[in-house]
Amino acid sequence: MNKLVQIHKLGKISYVDSLKLQNKLVDLHRSNEATINALLLLEHPPVYTIGIRTKDYTAEDEKNLLATGAEFHRTNRGGLITFHGPGQLVVYPILNLKHFTPSMRWYVCHLEKTIINLCENLGLKAETSPHTGVWINDNKVCAIGVHGSQFITSHGLALNCCTNLEWYRHIVPCGIKDKWVTSLSKELNRHVSIDEIMPLFLNSFCKTFNCTYVDVDRSPIMTVEPL
């Protein structure tokens, strides 16, 4: 059976505002299982985030990363440190997996398949590895870090389209040594914009998750209070 997913294209918004929006939608799902599933598609200003495994990151580490001009936030998602910034398509699916398959492992696997199929449509061979995410050879093109509570998902994935990869030199991306990162632009040797990739992502997501989507305007649900 096909499922309907609402698409919210938010443009460039802060990481803090995106967390507020995710929390609003998660709360709606918790109060009403009939709440429509949603994808938040957006781009962040430069920000480093770490997941629930935070013990390796000290106050000094945080200070050094803030000195780069990026923000720094600790989160409740899975995974280690990563970077979000301009040129990167960030997708936060707020889904009730009871509408799909109630399994976080299934969910992460299908996010990876979505990106692998997208890359294939661009003529790129991407694959998984023992580490979460999607890789082209030994270079990660898409980071995945999710949170699930009562099978309601938040956080999500970050696909490097035309990202400045120099930002990653300040960290060990996702805590994995001896590997690096890449972008679609680097792999295709041409500029690949977020606007080019968004429709490819949505088509791949709907095929992989067996759902349909509808674009919605920035509704009152999506507004956030000023910081």
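The values are calculated or read from the model by the stated rules, or taken from the named source; none is laboratory data. This structure is a prediction, so every number in the text was calculated from the model and none was measured. As a convention, Cβ positions derive from the backbone with ideal geometry for all residues, glycine included, and neighbour counts pool all protein chains shown. All accessible areas refer to the heavy atoms of the entire protein, side chains included, with ligands and DNA or RNA removed. Shrake-Rupley method; radii C 1.70, N 1.55, O 1.52, S 1.80 Å.
A few notes on this one:
- In order through segment 98-107: 3J(HN,Hα) via Karplus (6.51 cos²θ - 1.76 cosθ + 1.60), integer Hz, x for Gly, Pro: 5, 7, 10, 9, x, 8, 5, 5, 4, 4
- Under Karplus coefficients 6.51, -1.76 and 1.60, residue-wise ³J(HN,Hα) of segment 18-28 in Hz, glycine/proline x: 5, 5, 4, 5, 4, 4, 4, 5, 4, 4, 4
- Residue-normalised accessible area of the chain, given per residue in Å² at a 1.4 Å probe: 47 Å²
- Vicinal HN-Hα couplings computed from phi for segment 91-97 (Karplus, 6.51 cos²θ - 1.76 cosθ + 1.60; Hz; Gly/Pro x): 10, 10, x, 9, 10, 9, 5
- Relative contact order of the chain, pairs being alpha-carbon contacts under 8 Å that are 6 or more residues apart, as %: 25 percent
- Taking 0.36 nm per residue of sequence separation and removing the Cα-Cα distance, the Asn137/Lys20 pair yields an extension gain of 38.6 nm.
- Paramagnetic reach from Glu196 in segment 153-170 [backbone N under 17 Å; point 7 Å along Cα→Cβ]: 159-165
- Residues whose placed amide H lies under 5 Å from that of Lys140, excluding near-sequence neighbours: Trp180, Val181, Thr182
- Shape box of segment 70-158 [Cα atoms, principal axes, largest first, Å]: 36, 34, 23
- Candidate aspartates and glutamates for bridging to Lys113, where Cα separation is under 14 Å - those fewer than 8 sequence places away on the same chain excluded: Glu127
- Cβ-Cβ FRET estimate between Val216 and Lys98, R0 fixed at 25 Å, reported to 0.05: 0.70
- Bridges between two residues of the chain, per DSSP, are antiparallel at a rate of about 60%.
- Solvent-accessible area of Thr128, all protein chains in place: 70 Å² (probe radius 1.4 Å, heavy atoms, ligands and nucleic acids excluded).
- Label-to-label distance for Lys12 and Glu166 is 1.7 nm, based on points extended 7 Å past Cα in the beta-carbon direction.
- Across Lys3, Lys9, the residue with the most accessible area heads the list, and the full order at a 1.4 Å probe is Lys9, Lys3.
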